[in-house]
Amino acid sequence: MIGVRRSAQAPRVLMDSGAQNRYRHDDVVDQLMKDFHGKCYICEIDDLQSIEVEHLLPHHNGKYPDRMFEWNNLFLSCRHCNSVKTRRNTTNA
Ligand SMILES: [Zn+2]
């Protein structure tokens, strides 16, 4: 897991309650790419073919909506790591 110096300022789009799936908005992804130096936070691959926005604490299909848009809960991951973690998190869904 890489050490991250996250921008203190969350992307403004996260505060826009009207934007669907705003944690995957371009502004969020761009900021994560900068803060994570374009690396998956789990395997540290820096050649991301498909970028995923990962929630450190799961949001469980809207059960914890605050987490879904919490800037400090959003991490950059590759598709492989995200799918592995998602399977683990959904066993009790
Ligand atoms: Zn990865």
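We did not get these values from a lab; they are worked out from the coordinates using the rules stated. Note that the structure is a prediction, hence the values are computed from the model and not measured. Reconstructed Cβ throughout: ideal geometry from the backbone, glycine too, with neighbour counts over all protein chains shown.
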**Study point:** Selected residue (criterion: farthest from Met15 (Cα to Cα)) from residues of segment 69-82 that are in a helix (DSSP H, G or I) and within 9 Å of the ligand (Cβ to nearest atom)
**Key:** His80
Study note, to complete from the structure: Here the residues within segment 1-45 that are among the charged types (D, E, K, R), assigned to a loop (DSSP other than H, G, I, E, B) and within 17 Å of Cys81 (Cβ to Cβ) are Lys39, Glu44
Check your understanding: In this structure, does Glu44 turn out to be among the acidic types (Asp, Glu) and within 14 Å of the ligand (Cβ to nearest atom)?
Key -> yes
Practice item. Can you run down the residue pairs with Cβ atoms below 7 Å, 6 or more apart or on separate chains, where the first is in segment 19-42 and under 16 Å from His55 (Cα atoms) and the partner is within 16 Å of the ligand (Cβ to nearest atom) and part of a helix (DSSP H, G or I)? Key: Cys40/Cys81; Ile42/Cys81
Check your understanding: When segment 1-41 is examined, which residues are found to be within 13 Å of the ligand (Cβ to nearest atom) and out of contact with any His (no Cβ under 9 Å at 6 or more places or on another chain)?
Key -> Met1, Phe36, Gly38, Lys39, Tyr41
Exercise for review: For segment 55-68, indicate whether the set of residues that are of a type in the set (S, T, N, Q), outside any loop (DSSP other than H, G, I, E, B) and either within 12 Å of the chain's Cα centre (by Cα) or surrounded by fewer than 14 Cβ atoms within 10 Å (Cβ to Cβ) (or both) is non-empty.
Suggested key: no
